[in-house]
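Peer 1: Encoded as C-alpha cells, here's the structure I'll be asking about.
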Amino acid sequence: PLGIEKIYVGQKIFSGYYQYNDIKVVPSWGGSLFEFLMPSLFNDERRLGAKALGENNYRAIQAHIAFAKEKGYSLWGQSPCAIPGKGKRAYGEFGVPPISAKGYSDEPVITPHASFLALPYAPDDAMRNIKKILIKYPESISNYGFYDSVDLRTGDIAQAYLCLDQAMILVSLCNYLNEDYIVDLFHQHDYAKK
C-alpha cells in the first residue's frame with residue numbers, strides 16, 4: 001500500500017491505501033462490496049465518516065464500476081454469493097483484486113445485493129445497475145425477490161435465495177426509502193450511543 005506514517009495518541013500508525021486507476025481506497029480483505037458496505041446498514045458511516053469510511057465506501061463503489069468497465073463486464077457488483085451453475089449449496093467469494101488485501105476471485109459473477117448496498121452512496125449508479133440486471137436477466141427475479149447471483153460469462157443464474165443477502169437487500173431498501181430508518185434506530189440504542 002501507499003501512504004504515510006502518522007502519530008495518533010502517541011502511537012505511530014501507518015495510514016495506507018491502494019490506488020486503482022485514479023481511485024484511492026483503503027482496501028478490504030477481498031475487495032467485495034459486502035465488506036465495504038454492510039456495516040453502513042446500521043452505522044452512519046456516510047454522514048459521521050464523510051471524510052473517512054463514508055468516502056472510502058463511495059470510492060470502493062467507483063472502483064467496482066471502473067473495474068467492470070475495464071474488464072468489459074456489462075454489470076458491476078462483485079461480492080461473496082452463491083455460484084451460478086454449481087448447485088444450490090455452492091458459495092464463492094468474488095471481489096475486485098486491486099482494492100483488496102487478500103484478493104478474491106475476479107470472475108464475472110455479480111450479485112444484486114451489492115447494488116442495493118450501494119444505494120446510499122451512489123443511488124443513480126446503483127439504480128442503473130439494478131435496472132440493467134432486470135432488463136438483461138429478467139429471470140434473475142422470482143416470487144421471493146432476486147436470486148443470488150449471475151455469471152456474466154454464461155448467463156447462469158444461481159437460483160438460490162441466501163438469507164444474509166436477502167436481508168441486506170431489504171435493510172438497504174428500508175434505509176433508502178425511509179431516510180436511514182434502521183441506521184437511526186441503531187444509533188438511538190443506548191449501546192450504540194456509548
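The values are calculated or read from the model by the stated rules, or taken from the named source; none is laboratory data. Owing to the predicted nature of the structure, the values given are computational and were not obtained by experimental measurement. We place every Cβ from the backbone using ideal geometry, glycine too, and count neighbours over all the protein chains shown. In case anyone asks, the SASA skips ligands and DNA or RNA and just uses the protein heavy atoms, side chains included. Shrake-Rupley method; radii C 1.70, N 1.55, O 1.52, S 1.80 Å.
Peer 1: Cross-link partners among lysines for Lys132, C-alpha distance below 19 Å, same-chain residues fewer than 8 apart left out?
Peer 2: Lys69, Lys71
Peer 1: Another question, then. Only sites in a loop by DSSP and with at most 10 other Cβ atoms within 10 Å count here; which chymotrypsin sites (Phe, Trp or Tyr not before Pro) in region 107-194 make the cut? Show your work: numbers first, answer last.
Peer 2: Numbers: sites: Phe116, Tyr121, Tyr144, Phe146, Tyr147, Tyr161, Tyr176, Tyr181, Phe186, Tyr191; in loops: Tyr121, Tyr144, Tyr147, Tyr161.
Passing sites in region 107-194 are Tyr144.
Peer 1: Here's a follow-up. Among all the aspartates and glutamates, which ones have a C-alpha under 15 Å from Lys102's C-alpha, if same-chain residues fewer than 8 places away are not counted?
Peer 2: Cross-link targets: Glu35, Glu93.
Peer 1: In Å², what does the accessible area per residue of the chain work out to with a 1.4 Å probe?
Peer 2: Dividing the accessible area of the chain by its residue count gives 55 Å².
Peer 1: Starting from the exponent 0.38 and prefactor 2.2 Å, build the expected Rg for region 98-194 from its residue count and divide its actual Cα Rg by it.
Peer 2: Expressed relative to 2.2 N^0.38 Å, the Cα Rg reads 1.23.
Peer 1: Output the direction-averaged projected area (hull surface divided by four) of the convex hull of the alpha-carbon atoms of the chain, in nm².
Peer 2: Working: hull surface 48.1 nm².
Value for the chain: 12.0 nm².
Peer 1: Using only the Cα atoms of region 1-111, build the gyration tensor, take square roots of its eigenvalues as a ≥ b ≥ c, and label the shape rounded, prolate or oblate: rounded if a/c is under 1.5, else prolate if a/b is larger than b/c, else oblate.
Peer 2: prolate
Peer 1: Chymotrypsin sites (Phe, Trp or Tyr not before Pro) within region 1-107: which are DSSP loop residues with at most 15 other Cβ atoms inside 10 Å? Each step should come with its number before you reach the end.
Peer 2: On the way: sites: Tyr8, Phe14, Tyr17, Tyr18, Tyr20, Trp29, Phe34, Phe36, Phe42, Tyr58, Phe67, Tyr73, Trp76, Tyr91, Phe94, Tyr104; in loops: Trp29, Phe42, Tyr73, Trp76, Tyr104.
Answer in residue order: Trp29.
Peer 1: Once amide H atoms are placed 1.01 Å from N in the peptide plane, what residues at a sequence separation of 5 or more from Ala160, or on another chain, have their amide H within under 5 Å of its amide H?
Peer 2: Asp148, Ser149
Peer 1: Please give every one of the lysines within straight-line cross-link reach of Lys86, meaning a C-alpha to C-alpha distance under 22 Å, and leave out same-chain neighbours fewer than 8 residues apart.
Peer 2: Cα-Cα hits under 22 Å: Lys136.
Peer 1: Could you please state how large a percent of the accessible area of the chain is carbon and sulfur, counting protein chains only and using a 1.4 Å probe?
Peer 2: So the carbon and sulfur contribution to the accessible surface is 56 percent.
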